Amino acid sequence: MSKKVSVLILTQNSESSLKRCLDSLSSFDEVVIVDGGSTDRTIEIAKTYSNVVVHNSPWPGFIAQRNISIDKATHEWCFMMDSDEKLTKELADEIYSVINNNPDKVLYNICRTEYYLGKEVSSGHGKSWWQERLFLKDRVRYTGGNHHEHLIDGRPVHEQSDKVGFINRDFRVLHDDTYSMEDWVKKIPRFTLLVANEKFEKGKRVGALEVLATLYWTFFHIFKKSWRLGKLGFVISAQTALFRALIKLIIYEKSQIGFKNDSGSKDTYLG
């Protein structure tokens, strides 16, 4: 009997990209969606696909949510995707070929094609590259913070390179090729707060000069890597600098000002 794969997806207000994602997963008999509390049509769209199973899980944090999705899977192998991605038919076929031909690895890297402003990010910061995606359910877990890492049998992946493989890079996961500055601006409040809160809770504190230094240093550091992309490289460098500086600014506000709204239950700096 051929082995099967559980595709794992986290969603939260993902209606704009979810159909594209799920349409590319028709060859998989189980797609596990763990939803963090969508208020748009995400769940409605998901339930129109016969191979999709939806689980509701109020957002416990990125790593915890990823591990919940693993726990919900019913097959031996798991393949992690984001709701704004799709995979090629060639990759789907290759995944089944790999797991059904006596695989000698626990975790496999798959190359993701990155797009921004209608162009592939072929070099520099955030370029198309390998990501750990396909793994044995009972041996792999997520750890770390918002920038996650994997554990194999409880130990970091980088200590066990013999257990890690690579899928042919011609077979790709494709990021959303319509991803724009508007999409980035919509996501930035949530992600900056997630990262800033995580760092603050771990004891990170910053001063005003560090906020400003982060803005300027990040831009020049990233642009040194991305200048070959031209105008696209400038945009990527500028927005990365803004993102990192905003994280530092939130930490600065929390540690130096600590402003709260009247109820005392919610920070109010980003509405």
For the pair Glu76 and Arg228, how long in nm is the line joining their label points, each one 7 Å along Cα→Cβ? 4.1 nm
Which entry in (1) 0.95; (2) 0.98; (3) 1.02 is this structure's computed Rg/Rh (Cα atoms, Kirkwood Rh)? (2)
How much FRET efficiency would the formula 1/(1 + (r/R0)^6) give for Gln256 and Lys187, where r is the Cβ-Cβ distance and R0 is 25 Å, rounded to 0.05? 0.45
Counting Lys and Arg as +1 and Asp and Glu as -1, each charge on the Cβ, what is the dipole of the chain about the Cα centre in debye, to the nearest 20? 780 debye
Based on Cβ point charges of +1 for Lys and Arg and -1 for Asp and Glu, what charge dipole magnitude is obtained for segment 181-257 about its Cα centre, in debye rounded to the nearest 20? 220 debye
Asserting the computed 222 nm helical MRE of the chain (DSSP H runs at least 4 long, -39500 (n - 2.57) per run, divided by residue count, to nearest 500) equals -11500 deg cm²/dmol
Answer with one residue from Leu87, Trp77, Ala213: the one whose Cα lies farthest towards the positive end of the charge dipole of the chain, charges on Cβ with Lys, Arg +1 and Asp, Glu -1. Ala213
Under Stokes-Einstein, segment 90-149 at 25 °C and 0.890 mPa s, with its Kirkwood radius over C-alpha pairs, diffuses with a coefficient in µm²/s of 179 µm²/s
Measure off 7 Å from each Cα along the Cα-to-Cβ vector at Gln12 and Asp104, then give the distance between these two points in nanometres to one decimal. 4.2 nm
Pop a pseudo-label 7 angstrom from the Cα along the beta-carbon direction at both Ser2 and Arg155 and give the gap in nm to one decimal. 3.5 nm
For segment 48-88, what class follows from the C-alpha gyration tensor (a ≥ b ≥ c being the square roots of its eigenvalues): rounded when a/c is under 1.5, otherwise prolate if a/b is larger than b/c, else oblate? rounded
Whole-Å distance linking the alpha carbon centroid of segment 144-186 with that of segment 32-51 is 23 Å
Along the charge dipole of the chain, pointing to its positive end and built from +1/-1 on Cβ of Lys, Arg, Asp and Glu, which listed residue (Tyr49, Ile167, Leu194) has its Cα farthest out? Leu194
Using mean Cβ contacts within 10 Å as the protection proxy, how do 219-228, 30-39, 170-179 order, highest first? 30-39, 170-179, 219-228
Percent relative contact order of the chain, based on C-alpha pairs within less than 8 angstrom and at least six residues apart? 17 percent
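Coordinate-derived values only; no laboratory data. Quantities reported herein were computed from a predicted structural model and do not represent experimental measurements. With ideal geometry, Cβ positions are generated from the backbone for all residues, glycine too; neighbour counts draw on all protein chains shown.
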